[in-house]
Amino acid sequence: MRRGLLLVICALITAGSAAAQDGGLAVEAVEILPELDIYGQEVWYAEGLLVNRGEDAYTGITLLAEVYDAADNLIGEGFGYPVNACLAGLLPDFALQPGASQPFATALELYEGGADAIFRVDVLPQAETTAPQPDEPAVIPGIMPVTRREVVSVEWIDAANLRYGVGCWRDLFAAWDWYEYNLDRDGEEAVLHPRAEAVANPAMLRQIGLTEPLLLNRSFLTFDPGGRRMVYQGELNTVVTAEPDGSFKRVLFDGLANRTLQGIYWLRDGRFLAYYYGAYGDPVLYFTADVNGQTLSEAPENADPSLITPGASPDGARIVLAAEVGGVTGYYLKRAAYDGLDLLFEAEPPGNNWPGPLFRQDEDGTTVIYAALPVEGQARLACFNLQSRQLHDLSPLPLRLTGDARGRWWLSPDNRHVALAADGIGGGLWLVSLDELPACE
């Protein structure tokens, strides 16, 4: 679980299983941690992993917590559920399958004293048994699963190596668990992100005005994976780029106080796409720019709204979005800094939580745009050749996105692989080998 920047107090944690008499349900890796609620107030949680060691599946899961001090006095209690990486409770019909695990969070209410009085917390799962339904993902030719963790970010190191972050998409990158993966060895190892120490520097945080933990965590501060400079959102949603020490700041846009930043997606050579929307299903606004402070597109408030999270060319000069224009719903190409939409193909767009269109520009001048499309209830990979103006259906995709989950993808430096990631209960990371799929001619 995430927690790189949160305080962990010392406590003796024990676990019981009141409902699973066969010992099928167990809690592991429990920590007592502070979280900030939507008002910036500190709330203490017992968080950990709920593990199914039995032969049945369990549904309707709740967790009760009892908090004791060193004299074994009951000083608090708690109630919780299985959650995703962002601590959002899962639906009641969620079923934990045999051998599977899922994070949980139990909010603690202390009768007296503070968190330093906690000596022991008993976490007791309650659940009903149900018939197991093994969730074995179908084998898709050309697509290899890497992990079932909730992956929220991928950075290609080179054509054979990448690092990926696991956690809540809203959190600062330094709070995620990071892993490096080698394609040739099909192996991974846990690592510290190379930029993690930079955001632990109080002098740098003072320089950019993000000393408050709540502001820092909502800043979307991120570093150019292939360069030096960083991008972040300030207190009034002003988007700024700066050097690693916080110097040489460049303001990109400062009229975004009423916009909700949802992500910063790195393109190539220090260019990036930032996108904004309020909630699932809302239209998406966006802009492209570079880390040196040069804007490459219109301001977000002037952009053509998109029905999906848009995609951008590696140089940030072109945008692919979904829109309804003159009664025609489909995917459109626009020059980022200018008006005008060019219809590429008609299609029913997915939600704004799906991966945005992905550009591939080959050395021979061919430009291909990949899109994740919903087709009869299934996620499909399609490609559009910008020269031939032909759309091709290539393959099913292993995406199973609910409204609170997100999918993202990144093209490898050699244009041969796509790293496809998702969070939520259907989360994971997959490698799509473009060489093994039909050509996009």
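Every read-out reported here was derived from the displayed coordinates using simple, explicitly stated rules and does not represent laboratory data. The shown structure was predicted, so the numbers you read here are calculated from the model rather than taken from an experiment. Cβ placement follows ideal geometry from the backbone for every residue including glycine, while neighbour counts extend to all protein chains displayed.
Distances between every pair of Cα atoms in segment 207-318, grouped in 10 Å steps from 0 to the bin holding the largest one, split as 15, 50, 31, 4 percent. Taking θ as phi - 60° and the Karplus parameters 6.51, -1.76 and 1.60, the scalar couplings of segment 332-349 work out to 10, 9, 9, 6, 4, 9, 9, 6, x, 10, 10, 5, 8, 7, 7, 6, 7, x Hz in sequence order, x denoting glycine and proline. Stretching residue 243 away from residue 182 to a fully extended chain increases their span by 19.0 nm, per 0.36 nm per residue minus the current alpha-carbon distance. For the chain, the residue among 146, 210, 337 whose Cα projects farthest onto the positive side of the dipole built from Cβ charges is 337. Temperature 20 °C, viscosity 1.002 mPa s: under these conditions the Stokes-Einstein estimate for segment 275-388, based on its Kirkwood radius over C-alpha pairs, is 148 µm² per second. FRET efficiency for residue 49 and residue 433, Cβ-Cβ distance as r, R0 = 30 Å, nearest 0.05? Result of the calculation: an efficiency of 0.40. From helices alone, the chain scores -500 deg cm²/dmol at 222 nm; the rule is -39500 (n - 2.57) for each run of n ≥ 4 DSSP H residues, then divide by the residue total. Distance between the 7 Å Cα→Cβ label points at residue 140 and residue 203: 4.8 nm. Computed from backbone phi, the HN-Hα couplings of segment 311-324 come to x, 9, 5, x, 8, x, 8, 10, 10, 10, 9, 10, 7, 10 Hz, rounded to whole numbers (Karplus: 6.51 cos²θ - 1.76 cosθ + 1.60, θ = phi - 60°; Gly and Pro given as x). In this Cβ point-charge picture (+1 for Lys and Arg, -1 for Asp and Glu), segment 282-370 has a dipole of about 80 debye about its Cα centre. The convex hull built on the alpha-carbon positions of segment 57-177 has an orientation-averaged projected area of 10.8 nm². Put simply, segment 262-308 fits an ellipsoid with semi-axes of 20, 12, 7 Å; these come from the alpha carbon gyration tensor as the roots of five times its eigenvalues, largest first.
Between residue 363 and residue 79, the simple spin-label model (points 7 angstrom out along Cα→Cβ) gives 6.4 nm. Dipole orientation for the chain: of the candidates 34, 419, 73, 419 has the Cα lying most toward the positive pole (charges on Cβ; Lys, Arg +1; Asp, Glu -1). Amide H contacts of residue 76: 67, 111, each under 5 Å away and 5 or more positions distant or on a separate chain (H built 1.01 Å from N in the peptide plane; Pro and chain starts excluded). Of the chymotrypsin sites (Phe, Trp or Tyr not before Pro) found in segment 93-184, the ones in coil according to DSSP and having at most 12 other Cβ atoms within 10 Å of their Cβ are 111. In this rough spin-label picture, where each label sits 7 Å from Cα along the Cβ direction, the residue 325-residue 112 distance is 6.9 nm. Restriction of the GluC sites (Glu not before Pro) in segment 259-364 to DSSP coil positions whose beta-carbon has at most 16 other beta-carbons within 10 angstrom yields 363. Within the listed set 359, 220, 345, the Gaussian network model of the chain (springs between alpha-carbon atoms below 10 Å) gives the highest mean-square fluctuation for 345. Rounded to whole numbers, the Karplus 3J(HN,Hα) couplings from phi for segment 98-115 are x, x, 8, 9, 8, x, 9, 9, 10, 5, 9, 10, 8, 6, 7, x, x, 5 Hz, using 6.51 cos²θ - 1.76 cosθ + 1.60 with θ = phi - 60°, and x at Gly and Pro. Taking only the Cα atoms of the chain, the radius of gyration and Dmax are 23.0, 76 Å.
Full extension from residue 228 to residue 378: what is 0.36 nm times the residue separation minus their Cα-Cα distance, to one decimal in nm?
50.0 nm
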